[in-house]
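Only one structure is covered here, and it is reproduced in the block below.
The values are calculated or read from the model by the stated rules, or taken from the named source; none is laboratory data. These numbers were taken from a predicted model, which means no experiment stands behind them. So basically every Cβ, Gly included, is an ideal-geometry build from the backbone, and we count neighbours across all protein chains shown. These area figures cover heavy atoms from the full protein model, side chains too; ligands, DNA and RNA do not enter into them. Shrake-Rupley method; radii C 1.70, N 1.55, O 1.52, S 1.80 Å.
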Amino acid sequence: MTTTHRVWPGHPRPLGATHDGRGTNFSVFSSTADSVILCLFDRHGVETRVPLTEVDAHCWHAYLPDVGAGTRYGFRTEGRWAPSEGLWHHPSKLLIDPYARMIDGDVEWDPSCFSYEFDDPDRPQTADSAAAVPKSVVASPWFDWGHDRPPAIPMHKTVVYELHVKGFTALHPDIPPALRGTYAGLAEPVVIDHLLNLGVTAVELQPVHAFLHDHHLVEKGLRNYWGYNTIGFFAPHRGYAAGADPVAEFKHMVKSLHSAGIEVILDVVYNHTAEGNHLGPTLSLRGLDNHEYYRLEEDPRYYRDYTGTGNTLDMRNPHALQLVMDSLRYWVTEMHVDGFRFDLASALARGLHEVDRLGSFFDLIQQDPVVNGVKLIAEPWDIGEGGYQVGNFPPMWSEWNGRYRDTVRDYWRGEPATIAEFAYRFTGSSDLYAGDSSPGSSINFVTAHDGFTMADLVSYNDKHNEANLEGGNDGESHNRSWNCGVEGPTADDAVNELRERQVRNMLTTLLLSQGVPMLLAGDEMGRTQQGNNNVYCQDNELSWVDWSLLEQNAELFDFTAALLRLRRDHPVFRRRRWFTGRSVRGDEVGDIAWYRPDGSVMQDQDWEVGFAKALGVLLNGRSVPDPGPRGERIVDDTFLLLFNAHHGATRWTLPEVADARGFTRVLDTRSHRVRERAVRTPRLVVGPRSVVVLRVER
């Protein structure tokens, strides 16, 4: 249908659809199209086409005074269709606006979504795709933020809680059914109370950018549950909205969490898009400007893939960089989020082939006055050569510390020769994060969305991914897990007691380590995925949080919350600076000291004893480099932690500490109860596979 709308020239900036209360400015970038058409859809799906005749710096634009918020639209391009040259223009393909603030609908996997004929890839597919692809939507910019302010919690005081927006509340009995699994559900007081009672300071949301459900999953009756398949970097995923306006609902969620002092961190996927490789659909960037947005091989028909998903965004290109930086600034300034965790961040750092920590993307973030002021967390690896880059990101970044996860798992399952590396991980991994970094550079975790839950980590030796319908070929096979003697659920009380103790051991290690702890949602109540370590396609009860476990495992929740209170109340567990080993205020010991079970200070050769699995560490509270609100020096308690990963008990002689009048046992992981008891003897038995935390009385 030809246009009946009034069309004014408009402006090339900003890109996307910008509604000002009277009309909407549209602008889209393409340097290779011969022409671009704006397509508007009414509520019946009738399409009106508006040729964009104004072009500035390859931005095609127009202002339509009669178009308001809620209007559904897309773009079409005319130009060369030459896959051998990396050109995929064809007017039959409706394209999602890369800058769309809202996206409505799912892909219906019809042949029209693809640019080529399946039986002849060198011939264009000319069927119109409009009925089969999502539509961009003009979003209203208006929202009453009131007195919303970012909590701005310092990194060393941060406790991250990784959760899935849908899976966290989908089964919550105290949330109205219509709100379960939504942004609104996450804003419910009962959810916020749970987070506050637990003691976390930030939620890290698995991807909320608009994403698609992969064709191969839909064919199997599965879904892309995790959402690492982005199609829109500005739009909150429509499937997580209870109402008609996901933008306003997301803002309400952020505002509610902020009012409780909880930060919002987004897990973002800027390394690739849902368009896949050369056999994938043409949905957005491919049909607009394939050369500018994607990394292409020497044969431009094909895509360079550092992500395992078929394509990689070209972060060497200024227009791809602009897309990502504009998206980041939008989520900070307009959506008020507090930080980002970058999926497969090494892919963003690549120059020609190698990973370059000083690449263009990181240069831009360093100088950006908006983005460099929020929390920046890297997943420091991709699948390409040299992609494992733990410890190599710039100082202003924090990183998921995969070596922390591996070391803690190995230590508690009894692997030999682990105590030296365990000591580094427990104290913030200074061997990995040198230079201008601090313990806050290390995001410590034992479990995350990818892998076993904490309960499964102590219940399964092997993955059980049959429900994924991939013949057991998906998911990590080397999990560093230990089932404590029986695979899966058991009625054996001794095995179950050991499993519960192992969970307490790992939680105690995680939450009292230097660095930033990250908990996986549900671990505080014993959530299980029945041995599935890759629930990326399980949008069902297998992956959702079972809230009935909260009552069944109330003791585990209380134990976890008590650990977080201990961390919150004692800065010695969350120092801003590294331990130095130097003495403080005349103490005979320094800010940290390591002990053998006989009470003597560990020597160099002690770290090399392969069978040793017991060690003690004294954290001197007189040395906390954390100024108070008026700049005064904080003096904290001193703690002695005794770790024993042996299968038998270890007898300890408590060390002599300057000015100490004795010790008080704060917790012992042989029990779920956290209660203080005076220690009345210089010798102590630390039970098999357990931790004892003592406070030094002065």
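A few notes on this one:
- Between the amide H of residue 652 and those of 684, 685, 686, distances stay under 5 Å, these residues lying 5 or more places away or on another chain, with hydrogens modeled in the peptide plane.
- At 1.306 mPa s and 10 °C, Stokes D of the stretch 382-488 from Kirkwood alpha-carbon radius, µm² per second: 103
- Equivalent ellipsoid of the stretch 596-698: semi-axes from √(5λ) of the C-alpha gyration tensor, largest first, are 26, 17, 13 Å.
- Inter-probe distance in nm under a simple model that places probes 7 Å from Cα toward Cβ, at residue 685 and residue 31: 7.4
- Each listed q (0.20, 0.27 Å⁻¹) maps to a log10 I(q)/I(0) for the stretch 247-331, found by the Debye formula over equal Cα scatterers with no solvent: -0.90, -1.35.
- Phi angles of the stretch 669-686 translate, via the Karplus equation with coefficients 6.51, -1.76, 1.60 and θ = phi - 60°, into HN-Hα couplings of 5, 5, 10, 7, 7, 10, 8, 7, 9, 5, 9, 9, 9, x, 10, 9, 9, 9 Hz per residue; Gly and Pro are given as x.
- Length added when fully stretched, residue 676-residue 493, from 0.36 nm per residue minus Cα-Cα: 63.2 nm
- Here residue 135 is the anchor, and the lysines within straight C-alpha reach of less than 17 Å, apart from those fewer than 8 places off in the same chain, are 93.
- Oblate is the label for the stretch 443-501. Its Cα gyration tensor axes, ordered a ≥ b ≥ c, give a/c of at least 1.5 and b/c at or above a/b.
- When the Cα positions of 309, 282, 171 are compared along the charge dipole of the chain, 171 comes out farthest toward the positive end, with charges on each C-beta of Lys, Arg, Asp and Glu.
- Rounded tilt (10° steps) of 189-198 against the dominant C-alpha axis of the chain: 40
- Evaluated over the stretch 9-79, the Cα radius of gyration and Dmax, each in Å: 11.6, 35
- Cα extents of the stretch 174-215 along the three principal axes, largest first (Å): 41, 25, 12
- DSSP bridge orientation in the chain - percent antiparallel, rounded to nearest 5: 75
- Acute angle (nearest 10 degrees) that the helix 402-412 long axis makes with the longest principal axis of the chain, alpha-carbon atoms: 40
- Residue separation of residue 157 and residue 577 scaled by 0.36 nm, minus their Cα-Cα distance, works out to 150.0 nm of gained length.
- When peptides 411-420, 146-155 are sorted by average Cβ neighbour count within 10 Å, with the highest value leading, the order is 411-420, 146-155.
- Taking a point 7 Å out from the Cα of residue 277 in the direction of its Cβ, the residues of the stretch 110-139 whose backbone N falls within less than 19 Å of it are 114-123.
- Debye-formula intensities of the stretch 264-420, expressed as log10 I(q)/I(0) at q = 0.09, 0.11, 0.20 Å⁻¹, are -0.33, -0.48, -1.27 (one equal scatterer per alpha-carbon, no solvent).
- In order along the stretch 508-518, the phi-based Karplus estimate (6.51 cos²θ - 1.76 cosθ + 1.60, θ = phi - 60°) of 3J(HN,Hα) comes to 4, 4, 4, 7, 10, 6, 5, x, 10, x, 10 Hz; Gly and Pro are listed as x.
- Proximity of backbone amide H atoms, modeled 1.01 Å from N, is registered between residue 54 and 61 at under 5 Å, excluding neighbours fewer than 5 places apart on the same chain.
- Gain on full stretching of the segment that runs from residue 698 to residue 329 - 0.36 nm per residue minus C-alpha separation: 127.8 nm
- Set of aspartates and glutamates with alpha-carbon distance to residue 255 below 16 Å, sequence-local pairs under 8 removed: 144, 148, 188, 193, 204, 245, 263, 334, 338
- Working from label points 7 Å from Cα in the Cα-to-Cβ sense, the residue 473 to residue 656 distance is 6.6 nm.
- For residue 107, distant residues with modelled amide H under 5 Å away: 213
- Sorting 252-260, 526-534, 488-496, 368-376 by their mean Cβ neighbour count within 10 Å, with the most densely packed peptide first, gives 526-534, 252-260, 368-376, 488-496.
- The orientation-averaged projected area of the convex hull spanned by the Cα atoms of the stretch 1-152 comes to 11.7 nm².
- Report note on the peptides 288-297, 42-51, 538-547: ranked by the mean count of other C-beta atoms within 10 Å, highest first, their order is 288-297, 538-547, 42-51.
- Between residue 144 and residue 611, the simple spin-label model (points 7 angstrom out along Cα→Cβ) gives 7.2 nm.
- The chain - percent of accessible surface contributed by carbon and sulfur, probe 1.4 Å: 49
- Scattering profile of the chain at q = 0.05, 0.07, 0.09, 0.11 Å⁻¹ [log10 I(q)/I(0), Debye over alpha-carbon scatterers]: -0.26, -0.51, -0.80, -1.13
- Estimated [θ] at 222 nm from DSSP helical runs (n ≥ 4, -39500 (n - 2.57)) normalised by residues in the chain, nearest 500: -5500 deg cm²/dmol
- Using the Cβ-Cβ distance between residue 600 and residue 555 with R0 set to 25 Å, the FRET efficiency works out to roughly 0.10.
- With the biggest extent put first, the Cα atoms of the stretch 195-308 measure 55, 30, 25 Å across the principal axes.
- For the stretch 190-245, the residue among 195, 216, 239 whose Cα projects farthest onto the positive side of the dipole built from Cβ charges is 216.
- Signed unit charges on C-beta, dipole axis of the chain, positive-most listed residue 130, 60, 439: 439
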